[in-house]
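I have placed the structure first, in the form of structure tokens, so that the comments after it can refer back to it.
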Amino acid sequence: MERTCVLVKPDGVCKNIVGTVLSRFAQTGLLLRGLRMLRLTPAQAEEFYGEHKGKPFYAPLIGFMTSAPIVATVWEGPEAVAKARSVMGATNSPEASVGTIRRDFGTNNRYNVVHGSDSVVSAQREIRFFFKPDELFTYQENDWKVEK
Ligand code: IDP
Ligand code: MG
């Protein structure tokens with residue numbers, strides 16, 4: 001089953017909207033497979049965003065991503081990558097579609113509250129970056145009914 005990596009960025013954590021943001025992904029029907037809170041080091045942020053090295057926004061992006069904690073999550077389900085990108089909205093928050101996370105809570109094209117993998121291959125790399133195999137969980141809808 002397809003998986004994607006979603007981060008609530010430092011602006012989302014500092015605005016105290018982690019729950020609100022993550023609820024948007026749950027509402028798509030994707031299932032939460034992993035979750036952790038951490039503060040990225042500069043070296044970690046540089047590695048995570050390595051594809052953007054050399055771009056004018058790279059250094060401030062690293063500064064932003066290391067400014068406060070983030071919440072890293074893994075979501076699973078059909079078309080997980082596309083579903084997550086859809087509820088996030090476009091990179092530049094004021095241009096994102098109405099009703100998306102970035103339009104509702106973001107500021108501009110840097111401070112945009114949330115990260116989502118852009119492909120299945122990126123998702124695999126990003127999930128490995130944040131989670132050990134035993135930090136990801138599978139479960140079924142009725143597992144909590146211990147008397148079944
Ligand atoms: P994405 O997050 O929508 O996939 P990317 O192009 O992968 O967008 O850029 C990664 C992150 O870098 C963005 O989410 C945003 O925080 C920041 N960023 C992207 N483009 C710009 C820009 O033009 N100015 C400032 N920050 C940018
Ligand atoms: Mg991207």
GNM top mover of Glu126, Glu135, Glu46 - the chain, alpha-carbon springs below 10 Å: Glu135
Cα centre as origin, Lys/Arg/Asp/Glu Cβ charges: the chain dipole, Debye: 280 debye
Helix-only [θ]222 nm of the chain, DSSP H runs n ≥ 4, -39500 (n - 2.57) each, per residue, nearest 500: -9500 deg cm²/dmol
Spread of Cα-to-Cα distances over 10 Å intervals beginning at zero, given as percent, for segment 48-130: 17, 45, 36, 2
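Taking each pair of different alpha-carbon atoms in the chain once, compute 1/r for the pair, average those values, and report the inverse of that mean as the Kirkwood hydrodynamic radius in Å to one decimal.
Its Kirkwood hydrodynamic radius stands at 15.7 Å.
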Most mobile listed residue (Arg103, Arg85, Arg36) in the chain, GNM with C-alpha springs under 10 Å: Arg36
Positive dipole terminus of the chain, leading residue within Phe131, Val114, Ser93 (C-beta point charges): Ser93
For Val114, distant residues with modelled amide H under 5 Å away: Lys9
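Just so you know, all these numbers are worked out from the coordinates, no wet-lab data involved. Bear in mind that the values here come from a model prediction, so they are computed numbers and not experimental data. FYI the Cβ positions are ideal-geometry reconstructions off the backbone, even for glycines, and counts take in every protein chain you see.
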